[in-house]
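Presented below is the structure to which this report refers.
The values are calculated or read from the model by the stated rules, or taken from the named source; none is laboratory data. Please read all numbers here as calculations on a predicted model, not as lab measurements. Positions of Cβ are backbone-derived with ideal geometry, glycine not excepted, and every protein chain shown enters the neighbour counts. Calculation scope for accessible area: heavy atoms of the full protein, side chains included, ligands and nucleic acids excluded. Shrake-Rupley method; radii C 1.70, N 1.55, O 1.52, S 1.80 Å.
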Amino acid sequence: MQLTVWTYEGPPHVGAMRIATAMEGLHYVLHAPQGDTYADLLFTMIERRGTRPPVTYTTFQARDLGTDTAELFKTAVIDAHARFQPQAMIVGASCTAELIQDDPAGMALAIGLPIPVIPLELPSYQKKENWGAAETFRQLVRHLTPPVGRTPMAGRRPSCNILGPTALGFRHRDDVVEITRLLERIGVDINVTAPLGATPADIARLGAADFNIVLYPEIAGEAAKQLEKMCGQPSVKTVPLGYGATIDFIHEVCALTGLDPAPVLDGVPSRMPWWSRSVDSTYLTGKRVFVFGDATHVIAAARVASEELGFDVVGMGCYNREFAREVRAAAAVLGLTALITDDYLEVEDAIAALQPELVLGSQMERHIAKRLRIPCAVISAPFHVQDHPARYSPQMGFEGANVLFDTWVHPLVMGLEEHLLHMFRDDFEFSDEAGASHLGGHGAGAARPAVPVQTEVLASTEVASVSSEIVWAADAEAELRKIPFFVRGKARKNTERFAAEHGLATIGVETLYDAKSHYSR
C-alpha cells in the first residue's frame, strides 16, 4: 500500500456513484462505514449539483463491528426502497466494508424487492474509479437490456445510442449536446443517451438502436461490447475530439449508415483550422508540449497538438493502466515512450526533466506546472470546480475544437504578454510610478512610494542556491528573469549544466550568455 497526498482516481465504488448520480430512477445502496460519505462532496462541490447523489450508506461505526453489520445493510436496503421508490437498485461495498465480508449482493437478492437489484462486485484493492464506472454500466446493460435482433436501416432514418457520459466527467454534459446536434445534422436519430440522464427503463431500450457511439471508451467500452454480443450492434470507435477526429467521426458514421457526409462537411462551422494557421498562431509553432491525463483525452490531445496546432509533443502518458496499450501506440507514432503511472511524483519528474513550454493535463498537472512556472491547460479528469463552467464549453465536435484552441493557445499568448510587461516594467512609461495610462498616466501613481518587491526578490536570490553545488549571483538571476518564463526553466537548466561541465561554482551574467552561445551552436 502506498500513502499519497493526491490520487488521480478514487476507489471503484466512486465509479459506481458516477453512474448512479448520472442516471434517474436508479439508487445505490453502499455498505460503507461512517466517513466514506465524503464522496458526496465530489458531486456537490465540484459539479455544484443541487441534490445529493442517490446513494444510501449503511454508515456503520467501530462499535457496530462487534454486532450484526449484515442486519444494518438489510435495513438500509429496505428503507431506501421505501423512501426513494427507484426503478432499479445497485448494491455493493466500499473498500473498507469489503474487509468485513458481509456479502451485500447476496443479502440484497435475498430480500426479494419488487424491482431489479443489480449486485456489484468491485474489487477495491485491485481496480479503480474508471474501471468501477465501466463495470457498473456493463452490469446495468447485462441485467436490464433484453437481447433483440437487428432490423434493416433501409427506408428509414438510422438511430444510435450515445454511450459513456457520466457525472463528474470532464465536460461530458456539453459534449453530449454538441454530438447530439452533429448527429442530427448527419441524419441520425438518438435512441438513448446513457448513463447521463437515462433511467433503467431507457437502459432496457438500448437494443432498439442500430449502432452505438462510444464517446468515452473508459466508461462505455465494455458496455458496447456487451451490446454487440447481445444485440449485434456495431460501435463507432472514433472519438470526435479535435477538428480532424470530428471529420473522421462523420465519415465513420456515414460509412456505417450509408448516409452522405458532404452536406455536413460543407461549410464546417469551426474556426480552428484558420486560426491555427493565422499569424497570431504561427509563432507558437514548434512549442514543446507535455500531455498527461486519461487515455481518451490524452490520445486526442496529442493528435490535435501535433497535427492541428503544430506543437511538438515531447512527452505523453496516462494514469489508467487499462488503456496503456492504446496510449503506448499513440506515443509510438510520435516517436515517444508513453509514461503509464498513477504516481503524480513520477509525472512531476518527467515534466521537470523535459522542460516543456506547455502542459496539457489534469488538475494534478496544473499544480505541478504552477510549481514549475509552466503554462498549463486542463484537458482531463480529475478536475476542479473551475473546470466545470456554467457556460457551454464542449471538448468534442467542431465547437469543441474551437474551445480547445482557446484553452490551449491563450496560456501561451498570455505568457508572451506577461513577458513583455516584465521586460518593460522598468521603462519610465510603464513603471509602477507612472500609474495606469487609462487613469491619466503619470499623475495617478506618481505619489506612490518605490516598490520594494524587486529589491526583496534580488536580495533573496543572492543567497539562493538553485542546485546543491552551484549558486546564482544576483545579477545573473535578474538577467535570467528577462527570459520569457515559459523557456526560463530550460535556460536555467542548460546554464547550470554548462557551469557544472566547466567547474564553475557561481553563475554570473557572463556564464549565462556563454551557456546561451554554447547551446545555440
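For region 485-504, backbone nitrogen atoms closer than 13 Å to the point 7 Å from H518 Cα along Cα-to-C-beta are found at 492-504. For T151 and R181, the FRET efficiency from 1/(1 + (r/R0)^6), where r spans their Cβ atoms and R0 equals 25 Å, is about 0.45.
Placing R0 at 56 angstrom, the Cβ-Cβ distance between W274 and T75 gives a FRET efficiency of 0.35 after rounding to 0.05. Highest average first, the peptides 493-505, 137-149 ordered by how many other beta carbon atoms sit within 10 Å of their residues are 137-149, 493-505. If we count every other residue with Cβ under 12 angstrom of A133's Cβ, Lys/Arg +1 and Asp/Glu -1, where does the sum land? Local charge sum for A133: -3.
I need the shape label for region 209-342. Rule: rounded when a/c is under 1.5, else prolate if a/b > b/c, else oblate, with a, b, c from the alpha carbon gyration tensor. Oblate is the answer for region 209-342, as a/c is 1.5 or above yet b/c matches or exceeds a/b. Computed from the C-beta positions of H410 and H367 and an R0 of 30 Å, the FRET efficiency is 0.95 to the nearest 0.05.
In this view, the solvent-accessible surface of K74, computed with a 1.4 Å probe and all protein chains in place, comes to about 80 Å².
Of the trypsin sites (Lys or Arg not before Pro) in region 1-52, the ones in a loop by DSSP (not H, G, I, E or B) with at most 10 other beta carbons within 10 Å are R48.
Legend: residue pairs K74/K225; K287/K493; K370/K493; K287/K482; K128/K237, Cα-Cα distance threshold 22 Å; pairs beyond threshold, K74/K225; K128/K237.
Note on region 72-126 and region 335-369: Cα centroid distance 39 Å, given to the nearest whole angstrom.
Under the shape rule built on the C-alpha gyration tensor, where the axes satisfy a ≥ b ≥ c, region 271-408 is rounded, since a/c falls short of 1.5.
Within region 313-329, whose backbone N sits under 18 Å from a point 7 Å along Cα→Cβ of K237? Hits in region 313-329 for K237 at 18 Å: 322-329. For K490, a cut-off of 12 angstrom between C-alpha atoms picks up these aspartates and glutamates, skipping any fewer than 8 places away in its own chain: E357.
Note on surface exposure: M45, M230 rank M45, M230 by accessible area, highest first, 1.4 Å probe.
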